[in-house]
Amino acid sequence: MNLKKLIDEDRFGGVFRVHRSAFTSAEIAALEQAHIFQRCWLYLGHESELPNAGDFRRRTVAGQPLFWVRGSDAQMRVFYNSCTHWGANVCRVDEGNAELFQCFYHAWTFNNQGDLVSVPDEAAYGEGFHKEAMGLTSPPRVDNYRGLYFVSFNRDVEDLISYLGNAKEYIDLILDQAEEGWRVVPGTQKYSVRANWKMFSLNSLDSYHVRPLHSTFFKYTESLGSGDPPPLPPIDFPGAQGRSLSLRNGHGIDIFPSLARARPIAHWHPILGEESKEEIRKRRAGLVEKFGEERAYLMCNTNRLMLIYPNFALHDIAGVSLRYFEPVGQEYMEVTVQTLAPRGESAGLLNRRLENFLSFLGPGGFAHPDDIEAMESAQIGFRAGGPEWIDASRGMHREATALDELHVRAFWRQWHANILGYAKAERHHDALDGERISEGTKR
Ligand SMILES: [Fe+2]
């Protein structure tokens, strides 16, 4: 396979296409594991998931079994979920609270700070056995930005802040909507999709599909009437079609003025209930006071569909949602979806927001099952022997709107650079279309 030819790009001729083997080849899936999932920062979870000493959550990240625990010393740690004796998982449930983790195989016991504290019949071990060196081990890098925790299996990965690139400012824009902080609402959706993981990355950025694919959802929300009219933008803001932006390092975003039916945290729509009007308006007024009219407009009256490369989507379109997707081979993925809510929100509004979240993104919702059907259908379509490429050239010739694919191309260029063994796609600040890979930085 000629990896260099996986992407066919002519910047000036308006061609950008990706070879379909990117979605179907086992060889490429193995390269992705080695060059992307073992090298990048990967999303792990939100700090609010472990509020108390002893709280833990089990996670699989890049195929590796991990668990994440707040020790009795209040520190957060991530461990490989593997006993240092014969390897079995020491944490065998998805979440809970524990002081000790005892391996069910030979009953070696670790405390919630990872130390090996007890070994049955310890006297049988000789001089070369050092219990204090047999504690649980951790991935080389763990860090967080504003409570969003990431892990990396690459000791030499750049620091998280620089990895996040320009995504950082949009994370701020989203999280600044609740100065009292955020919490993951209990209840996690988990499901699997019979499609390559990149279909989800691309779907998370793509606004072009929203009208045709999610027409049922539009009919439903339109039937509820319209919400508070959005204020006129106090700043020069792209028109109704919004913007598609590359945020560097493969991250991207769609940002567009809130449609009445797209509901950020601080803009009222009937779906959130008549009784929550005051609470939402008050939150907006507080944000205007704190950040000024311009930034408050960006926070409250625009929506964002953001992808943190490679596999973490942060959306604030039906409330703030966190979605991450774990590849299993080249044609299957496991998806986790959670919702973030302001800590100070009233129980009534929180309930409304959850219903709203479920009605859009839930497994029985009006919209997201459409996405899953489309992703699986594309994966089946890739088995067809005829067409060789997928096209991602939309909007190459212009300043890209949210319906264009500028961020999709930026994702692909970063992906291609990684697959070819480069750390990053080269940046061309002067070009409308952002990055390309002609001369990346070799790892
Ligand atoms: Fe969708």
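The residue list Gln189, Ser152, Pro257 was ranked by how far each Cα lies along the charge dipole of the chain toward its positive end, using unit charges on Cβ atoms, and Pro257 comes out on top.
Using the 10 angstrom Cβ neighbour count as an exposure proxy, how do Thr401, Thr216 rank, fewest first?
So the residues, fewest neighbours to most, are Thr216, Thr401.
Within the listed set Glu331, Glu127, Glu158, the residue fluctuating most in the Gaussian network model of the chain (springs between alpha-carbon atoms under 10 angstrom) is Glu127. For region 273-349, applying the loop criterion from DSSP together with a ceiling of 16 other beta carbons within 10 Å to the chymotrypsin sites (Phe, Trp or Tyr not before Pro) yields Tyr332. Note on Ala347/Asp121: beta-carbon distance plugged into 1/(1 + (r/R0)^6) with R0 of 51 Å gives a FRET efficiency of 0.45.
Compared with the dominant Cα axis of the chain, that is its longest principal axis, helix 406-419 is turned about 30°. Separation of the alpha carbons by more than 30 angstrom is noted, of Lys4/Lys198; Lys168/Lys219; Lys168/Lys282; Lys131/Lys424, for Lys168/Lys219; Lys131/Lys424. With a 10 Å cut-off between alpha carbons and a GNM built on the chain, which of Pro212, Pro369, Pro342 moves the most? Sorting by GNM fluctuation, first place goes to Pro212. Helix 277-301 axis versus longest C-alpha principal axis of the chain: approximately 80°, rounded to the nearest ten.
With a ≥ b ≥ c the root eigenvalues of the C-alpha gyration tensor of the chain, is it rounded (a/c under 1.5), prolate (a/b larger than b/c) or oblate?
oblate
Which FRET efficiency value, to the nearest 0.05, do you get for Lys277 and His106 by plugging their Cβ-Cβ distance into 1/(1 + (r/R0)^6) with R0 = 60 Å? Efficiency at R0 = 60 Å is approximately 0.50. Sorting the segments 344-351, 160-167 by their residues' average number of neighbouring beta-carbon atoms within 10 angstrom, most packed first, yields 160-167, 344-351. Highest mean packing comes first when the peptides 191-199, 384-392 are listed by Cβ atoms within 10 Å, giving 191-199, 384-392. Put simply, when 85-97, 138-150 are sorted by average Cβ atoms within 10 angstrom per residue, most first, you get 138-150, 85-97. The residues neighbouring Tyr170, those whose beta-carbon lies less than 13 Å from its own, together hold a net charge of +1 under the Lys/Arg +1, Asp/Glu -1 convention. The dipole here belongs to region 43-144: it is taken about the Cα centre, uses +1 on the Cβ of Lys and Arg and -1 on the Cβ of Asp and Glu, and is about 320 debye.
Bear in mind that the values in this text are calculations on the coordinates, not laboratory data. Since the structure is predicted, the reported quantities are computational estimates derived from the model, not experimental observations. Note that we place each Cβ from the backbone using ideal geometry, even for glycine, and neighbour counts take in every protein chain shown.
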